[in-house]
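Q: The following block contains the structure, expressed as structure tokens.
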Protein chains: 2
Amino acid sequence: MEEKQTEIASLGEFGLIDRLTGDLKLVNSSSLRGVGDDCAVMEYRDTDVLVSTDLLVEGVHFDLTYVPLKHLGYKAAVVNFSDIYAMNGHPRQITVSLAISKRFTVEHIEALYSGIKLACEIYGVDLVGGDTTSSRAGLVISITCIGDAPKDRIVYRSGAKDTDLICVSGDLGAAYMGLQLLEREKVASAGQKDFQPMFDGKEYLIERQLKPEARRDIVEELEKAGIVPTSMMDISDGLSSELMHICKASGTGCRVYEDRIPIDYQTALMAEELNMNLVTAAMNGGEDYELLFTVPLHMHEQVSKLPGIKVIGNMTKPELGCCLVTRDGTEMPIRAQGWNPLAD
Amino acid sequence: MEEKQTEIASLGEFGLIDRLTGDLKLVNSSSLRGVGDDCAVMEYRDTDVLVSTDLLVEGVHFDLTYVPLKHLGYKAAVVNFSDIYAMNGHPRQITVSLAISKRFTVEHIEALYSGIKLACEIYGVDLVGGDTTSSRAGLVISITCIGDAPKDRIVYRSGAKDTDLICVSGDLGAAYMGLQLLEREKVASAGQKDFQPMFDGKEYLIERQLKPEARRDIVEELEKAGIVPTSMMDISDGLSSELMHICKASGTGCRVYEDRIPIDYQTALMAEELNMNLVTAAMNGGEDYELLFTVPLHMHEQVSKLPGIKVIGNMTKPELGCCLVTRDGTEMPIRAQGWNPLAD
């Protein structure tokens, strides 16, 4: 990265776009026309179209002192794919808009794009458009993702019934612990040259924070098993917050069992090291991008067999509220303590 | 605007979104599901899907010292609709993402949204999603517009033939002159309370800059007349720049005649007052959001009859280059001097 650096102004907007997108190829049959006209053009004759958008702001969503630009690009794309999977669909196209301040060079933006392109390649998504401009302060990334699903497979937040089982994929809290670790090392390294951060045995936490994956595999598994969840969301703000969204949209309550919440051992060790409450971290941490979904009660055996999926509780009638049942049987009301991007 | 002001943090992200989008209704049959889930959902069975996106940054694209927030919202939406019309399509949905710094209140964002909603109402577009977050400095607006067109009516930049006629709608240079006027009054008013800017007789210029319209009427007129242009763009960066885009994409040259470029008398008077070259302003001003398109030569009579459309020249073989033919018959090479958002 500290090799040859080219000023962006020397290329101009169209020169920069050519350099970033000149090698793009479209792989999806729904992508008719990509970068280079007033609009991208797509064709969706047999499926419904899903659209999701995210805005990432330097200093709010990411800190470039410890997030490499390539990782940032990868994550920015993947979190948008995750929103499409959360509807039980498949991402097909993205547009990428960037506002770039003067301290970034062409090589920096190429590094960011290399992460976006890698994510697109791995998930089979076409980059079809965007906008590139300058900013007065920092980097802003706006990604819109377009995906599709057959009408009868689309899953909303609002379809859960009050007897449904609640399932999650993967494990929770690791991305949050990764962030705590990165922030701690940032403080420890302040002002030190050649500082070597201590991540031994914590690689999983760092990876979950810096290079999250979207759960395409779960959407594919559900499809193979012939299961259409009754409701689904991805866990971006934290399990508590997402549970409450689904309960509100579906008009239900819920019971989630503390001893069933999937947690990786690195997450548990890190919580101990930092003297933090492990369950609080797993319930409210956010950025895990796992899938939270509900299925009818009679699917218990079927869904329990699926690799990487755990039943963590059940929906209830709305008057019972949303509670976490602790190991000793106490019912604790769930409150959304997820990340509030407008709080500070 | 200076009445009751509510801090955004007091509502939180979801409270703010509820307040801004609680009253939205979907009017397009293609809009199946709007705000409130991981994705918006759309259905496009018979038409192709068009997607365009724009990122607007405070201090780069707009100056809130003279742009009212409602106007800003209106313009931000309309310029995206314009990209869809530029493909000969119709805008149907938008997503709106905002990054908001602390100095903005709920009422400010409501004013911005009222402009976006007004534009949506007038143009028949549904607001179906977005993202809302904080920013460290200033306001950032990212809008993605989704539209559609029957496959055989979509117009690209690349379809012009070397004998086609070049047409533009409306008049050019007024938005640029409006900007000059607003900037001049901003300097004149610096530090003065109760300053009254002098806009008498220049209302059209101010309106073109602050409240541009997209040319839906032209797209509808062309459809009624049974004309599908061979190429089309909207004029956002300036006629020179857009002509060069079309010529490059279509593999042609062009001749445009100075005495045929449509210019409003207020634009001409203002250019004289500011001692600026009128044709330079009309060729390079930008932000007019008029449509530039080409039609086959044999449609000359047909297209000349359409209200608000003027034939300004013709395409040529590529080896003849892109030239403006001045009133005395001199051929001046056209250079793109349009706005470069990455130049400073």
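Q: Report the one residue of B:Met87, B:Phe62, B:Leu139 whose Cα lies farthest in the direction of the positive end of the charge dipole of the protein assembly as shown (charges on C-beta: Lys and Arg +1, Asp and Glu -1; origin at the Cα centre).
A: Highest projection toward the positive end goes to B:Met87.
Q: Would you please name the trypsin sites (Lys or Arg not before Pro) within the stretch A:288-328 that are DSSP coil residues with at most 10 other C-beta atoms within 10 Å of their C-beta?
A: On the way: sites: A:Lys305, A:Lys310, A:Arg327; in loops: A:Lys305, A:Arg327.
Sparse-neighbourhood loop trypsin sites (Lys or Arg not before Pro): A:Lys305, A:Arg327.
Q: Take the Cα atoms of the stretch A:70-173, find their three principal axes, and give me the spread along each one in whole Å, biggest first.
A: Taking the Cα atoms of the stretch A:70-173, the three principal extents are 55, 31, 24 Å.
Q: Something else: Where the centroid of each part is defined by its Cα atoms, how far is the stretch A:70-100 from the stretch B:154-183 in Å?
A: What the calculation gives is 34 Å, centre to centre.
Q: Let me ask you something else. Given charges of +1 on the Cβ of Lys and Arg and -1 on the Cβ of Asp and Glu, with all other atoms neutral, how large is the dipole of the protein assembly as shown about its Cα centre, in debye to the nearest 20? Intermediate results must be reported in sequence, preceding the final value.
A: Values: 66 positive and 104 negative charges, 65 e Å.
Using Cβ point charges on Lys, Arg, Asp and Glu, the protein assembly as shown gives about 320 debye.
Q: Once the cut-off is 19 Å, how many percent of the Cα-Cα pairs in the stretch B:99-226 end up in the long-distance tail? List each step's numbers first, then the result.
A: Details: 5731 of 8128 pairs.
Result: 71 percent of Cα pairs exceed 19 Å.
Q: Write down Rg/Rh for the protein assembly as shown, rounded to two decimals, with Rg from the C-alpha atoms and Rh from the Kirkwood relation over Cα pairs.
A: Details: Rg = 26.7 Å, Rh = 26.8 Å.
In the protein assembly as shown, Rg relative to Rh is 1.00.
Q: Order these by the 10 Å Cβ neighbour count, fewest first: A:Asp126, B:Asp18, A:Asp194, B:Asp23. Walk me through the numbers on the way to the answer.
A: Working: A:Asp126 22, B:Asp18 14, A:Asp194 5, B:Asp23 8.
Lowest to highest Cβ neighbour count: A:Asp194, B:Asp23, B:Asp18, A:Asp126.
Q: Could you give the C-alpha radius of gyration of the stretch A:157-333 expressed as a fraction of 2.2 N^0.38 Å, taking N as the number of residues it contains? Walk me through the numbers on the way to the answer.
A: Values: Rg = 17.4 Å, N = 177, 2.2 N^0.38 = 15.7 Å.
Taking N as the residue count of the stretch A:157-333, the ratio is 1.11.
Q: Just tell me how shielded B:13-23 is by partners: mean number of partner chain Cβ atoms within 10 Å of each residue's Cβ, no decimals.
A: On the way: counts 7, 8, 2, 1, 1, 0, 0, 0, 0, 0, 0.
The shielding value for this peptide is 2.
Q: The stretch B:122-162: which trypsin sites (Lys or Arg not before Pro) are DSSP loop and have at most 16 other beta-carbon atoms within 10 angstrom? Walk me through the numbers before you get to the answer.
A: Numbers: sites: B:Arg136, B:Lys151, B:Arg153, B:Arg157, B:Lys161; in loops: B:Arg136, B:Lys161.
When the trypsin sites (Lys or Arg not before Pro) of the stretch B:122-162 are filtered for loop state and at most 16 Cβ neighbours within 10 Å, B:Arg136, B:Lys161 remain.
Q: With +1 on each Lys and Arg Cβ and -1 on each Asp and Glu Cβ, and nothing else charged, work out how big the dipole of the stretch B:226-344 is about its Cα centre, in Debye to the nearest 20. Numbers along the way, then the final one.
A: Working: 8 positive and 16 negative charges, 108 e Å.
It works out to roughly 520 debye.
Q: Moving to a separate point now. B:Met276 label point, 7 Å along Cα→Cβ, cut-off 11 Å on backbone N: hits in the stretch B:178-200?
A: Zone members listed by number: B:178-184.
Q: Remind me, relative contact order of chain A in percent, using alpha carbon pairs under 8 angstrom and six or more residues apart? All intermediate terms of the calculation are to be shown ahead of the outcome.
A: Details: 711 pairs, mean separation 73.1, N = 344.
Worked out over chain A, it gives 21 percent.
Q: Note the angle between two axes, namely the Cα long axis of helix A:239-250 and the longest principal axis of the Cα atoms of chain A, as a number of degrees from 0 to 90, rounded to the nearest 10.
A: Compared with the principal axis, the helix lies near 70 degrees.
Q: Taking only Cα atoms and a 10 Å spring cutoff, compute GNM fluctuations for chain B and point out the largest among B:Gly36, B:Gly159, B:Gly253.
A: It is B:Gly36.
Q: Build a GNM of chain A with springs between Cα atoms under 10 Å: which of A:Leu32, A:Leu324, A:Leu179 gets the top mean-square fluctuation?
A: A:Leu32
Q: Given the options B:Ile334, B:Ile235, B:Ile84, which has the most mean-square fluctuation in a GNM of chain B, springs set between C-alpha atoms less than 10 angstrom apart?
A: B:Ile334
Q: Any chance you could give the angle, 0 to 90 degrees and rounded to 10, that helix A:69-85 forms with the longest Cα principal axis of chain A?
A: 40 degrees
Q: Write down the radius of gyration of the stretch B:232-344 and its Dmax, each obtained from C-alpha positions, in Å.
A: Spelled out, the Cα radius of gyration and Dmax of the stretch B:232-344 are 14.2, 45 Å.
Q: Another question, then. Once you average over the residues of B:51-64, how many Cβ atoms of partner chains fall within 10 Å of each Cβ? Write down the numbers at each step before the final one.
A: Details: counts 13, 9, 14, 5, 13, 4, 9, 3, 4, 5, 3, 0, 0, 0.
Averaged over the peptide's residues, the number is 6.
Q: Continuing with this model, one more query. Relative contact order (percent) for the stretch B:157-333, with alpha-carbon contacts under 8 angstrom and 6 or more residues of separation?
A: On the way: 344 pairs, mean separation 76.8, N = 177.
So the answer I get is 43 percent.
Q: So what is the relative contact order for the stretch A:8-152, in percent, with contacts set as C-alpha pairs under 8 Å and at least six apart? Before the final figure, lay out the partial values.
A: On the way: 264 pairs, mean separation 54.7, N = 145.
38 percent.
Q: With the cut-off at 27 Å, report for chain B the share of all Cα pairs above it, as a whole percent.
A: Values: 28998 of 58996 pairs.
Across chain B, Cα pairs with separations above 27 Å total 49 percent.
Q: Okay, moving on. Considering every pair of different Cα atoms, what Kirkwood radius, in Å, is found for the stretch A:8-152? Can you show the working numbers first?
A: Numbers: mean 1/r = 0.0646 Å⁻¹.
Here the Kirkwood hydrodynamic radius works out to 15.5 Å.
A short reminder: the numbers here are calculations on the coordinates, not readings from a lab. These figures come from a predicted structure and were not determined experimentally. A quick note on method: Cβ atoms are made from the backbone with ideal geometry, for glycine too, and the neighbour counts reach across all protein chains shown.
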